[in-house]
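Here's the structure, in structure tokens; my notes come after.
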Amino acid sequence: MEIPRGLRTYIYDQSARKRWVEERLLKVFFRWGFQEIVTPAFEYLDTFSEGGNGVSTDRVFKFTERGTGKLLALRPDITPQIARTAATLLKDSPKPLRLCYCGNVFRSADPGSGEGQELYQGGIELIGLDSPEADAETIAIAVECMKELGLDGFKVAIGHMEFIKGILSDARLNEGLQEEIKLKIQKKDASGLDDVLSRCPIKNEKKDGIRKILNLFGGKEVIDKAREIADNPVSLRAIDNLRKVYQMLTVYGVDDSVLIDLGEVRGFGYYTGLIFEGFIKGLGSEICGGGRYDNLLERYGAKIPATGFAVDINRIIDVLEKEKKGKSDFMIDYIVIDFRDDKKIAQEISHRLRERGYKVARDIIKRELLDSLKYAENMNIENAIIMGTGDIKEGEAVIRKISTGVEKKLRIEDL
């Protein structure tokens, strides 16, 4: 029986890696003083309406609440839920709020796109601080998460929404042309950008300044290059903010993982300031991203600044599978295989090992030893304790390493 497209069942290694990733993300979040929050899988549609989080309503799974007829929605994003919670249930709590989460989100995908429709995320929201220090802390945590997961070649590209906004607003372009220009810049489409600019009623020097945004990518030298074309107060403030954040990232010691990309425009409509995305070498899409969203909580009745990020757990699992990382903690330590009629000793050995913190399964199906060993290999069991077969005498047991076949014989009482 098929499951809906874009959904996935995680079994054995995949499930182990998913749990492994989630535990390590939460470990980092807790280390930085964040506290976990669990939000509902669905809410009233108004919580996620377009303009509140930028996810198109066409991508939201909607259904009707029995009894009231109100529209409900599977959550397409967790950040608006946390913003709502912070602005209502936690409105009187002292600030800042340091909240973290791991959970699934749901977004409808076009047939044939290959996109998932159930996505797993882990992230943080730092609510109540409007400062470069908060933005720098958020990026430093993202870098630490990737190091905790053992991912090589990780880079964070940081930009600023207000930089482009200031330049386009100063050019007095209508909203339609601004959106076209943003799209071409985000796609690094130079010829497409030229086509749009040819239709813009602005001076050539303004057009040249907009074209230069495509090349504002690289190290800290990009900040100085950007200042040369920032001919308005909004863009200049954005560059000054970016410079302060970068200096703090240097203090954190993570600047070697940071790039500047002032052509980056994140998709969600609630971002207002510094934004960033994380990439791994060889993977074409981002594995984490976030930024500042100072206006989102106002939608729920509280004008409070905030910043945060989310990690794409699905993509990280794919990377870990490829690199054969991230499941060792979830291997079963022992399987106890006893061919004797009296299973009391097997039960006692299993019980004592579990008391000492080992993960232990008993092979309680009658079958040949070779079949039991094959089963252990398929089920990621590390060792077998074998009794009552072959040349194993009464009172003896053999411990066999499943991956290598290396065996050690010893007395059961010594075991």
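The values are calculated or read from the model by the stated rules, or taken from the named source; none is laboratory data. Treat the numbers as computed from the prediction; the structure is a model and nothing was measured. Backbone-built Cβ (ideal geometry, glycine too); neighbour counts: all protein chains shown.
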Query - Residue that is closer than 30 Å to residue 221 by Cβ and crowded, with 22+ Cβ neighbours inside 10 Å, where the choices are 158, 127 - result: 158
Requested in this report: For residue 99, indicate whether it is out of contact with any Pro (no Cβ under 9 Å at 6 or more places or on another chain), assigned to a strand (DSSP E or B), without any contact (Cβ under 8 Å) to a residue 60 or more places away in the chain and not charged (D, E, K, R).
Outcome: no
**Report entry** Matching entry among 134, 140, 157 (being in contact (Cβ under 8 Å) with a residue 40 or more places away in the chain, closer than 25 Å to residue 185 by Cβ and in the same structural domain as residue 185 (by TED's automatic domain parsing))
**Finding:** 157
Query raised in the report: In this structure, does residue 413 turn out to be modelled with pLDDT under 95 and surrounded by 10 or more Cβ atoms within 10 Å (Cβ to Cβ)?
Result: no
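Does segment 103-117 contain any residue that is touching a residue at least 24 places away in the same chain (Cβ under 8 Å), farther than 18 Å from residue 270 by Cα, among the polar types (S, T, N, Q) and touching a strand residue (DSSP E or B) at 6+ places or on another chain (Cβ under 9 Å)?
Within segment 103-117, one or more residues are touching a residue at least 24 places away in the same chain (Cβ under 8 Å), farther than 18 Å from residue 270 by Cα, among the polar types (S, T, N, Q) and touching a strand residue (DSSP E or B) at 6+ places or on another chain (Cβ under 9 Å).
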Report summary line: Within segment 324-371, of all residues that are in contact (Cβ under 8 Å) with a residue 40 or more places away in the chain and assigned to a helix (DSSP H, G or I), the one farthest from residue 16 (Cα to Cα) is 345
Query raised in the report: Somewhere in segment 299-306, is a residue within 19 Å of the chain's Cα centre (by Cα), in contact (Cβ under 8 Å) with a residue 24 or more places away in the chain and not in a loop (DSSP other than H, G, I, E, B)?
Result: yes
Requested in this report: For residues that are basic (Lys, Arg) and within 24 Å of residue 74 (Cα to Cα), scanning just segment 1-56, find the one that is modelled with the lowest pLDDT.
Outcome: 5
Query raised in the report: Can you tell which of 283, 259 is assigned to a strand (DSSP E or B), surrounded by fewer than 22 Cβ atoms within 10 Å (Cβ to Cβ) and of a type in the set (A, V, I, L, M)?
Result: 259
Query raised in the report: Does residue 231 meet the test of being of a type outside the set (Ser, Thr, Tyr), over 21 Å from residue 285 (Cα atoms) and in the same structural domain as residue 258 (by TED's automatic domain parsing)?
Result: yes
Report task. Could you tell me whether any residue of segment 35-49 is in contact with an Asp or Glu (Cβ under 8 Å, 6 or more places away or on another chain) and either free of Cβ contacts under 8 Å to residues at least 12 places away in the same chain or under 28 Å from residue 147 (Cα atoms) (or both)? Result -> no
Query - Selected residue (only one of 169, 191 is assigned to a helix (DSSP H, G or I), of a type in the set (Ser, Thr, Tyr) and within 16 Å of residue 262 (Cβ to Cβ)) - result: 169
Query raised in the report: Here are some conditions: (1) in contact with an Asp or Glu (Cβ under 7 Å, 6 or more places away or on another chain); (2) aliphatic (A, V, I, L, M); (3) within 26 Å of residue 126 (Cα to Cα). Residue 146 meets all but one. Which one does it not meet?
Result: (1)
Query raised in the report: Can you name the residue in segment 328-359 that is among the acidic types (Asp, Glu) and exposed (fewer than 13 other Cβ atoms within 10 Å of the Cβ) and, of all such residues, is farthest from residue 375 (Cα to Cα)?
Result: 355
Query - Positions within segment 70-89 being over 16 Å from residue 270 (Cβ atoms), in a loop (DSSP other than H, G, I, E, B) and touching a residue at least 24 places away in the same chain (Cβ under 8 Å), in sequence order - result: 70, 88
Query raised in the report: Does residue 231 qualify as being touching a strand residue (DSSP E or B) at 6+ places or on another chain (Cβ under 8 Å) and either modelled with pLDDT under 90 or polar (S, T, N, Q) (or both)?
Result: no
Query raised in the report: Is there a residue being buried (at least 16 other Cβ atoms within 10 Å of the Cβ), farther than 20 Å from residue 342 by Cβ and of a type in the set (Asp, Glu) anywhere in segment 373-384?
Result: yes
Report summary line: If you go through 299, 362, 315, the only one that is within 30 Å of residue 396 (Cα to Cα), surrounded by fewer than 20 Cβ atoms within 10 Å (Cβ to Cβ) and among the basic types (Lys, Arg) is 362
Report task. Filter segment 372-415 down to residues that are more than 28 Å from residue 16 (Cβ to Cβ) and in contact (Cβ under 8 Å) with a residue 60 or more places away in the chain, then give me how many there are. Result -> 1
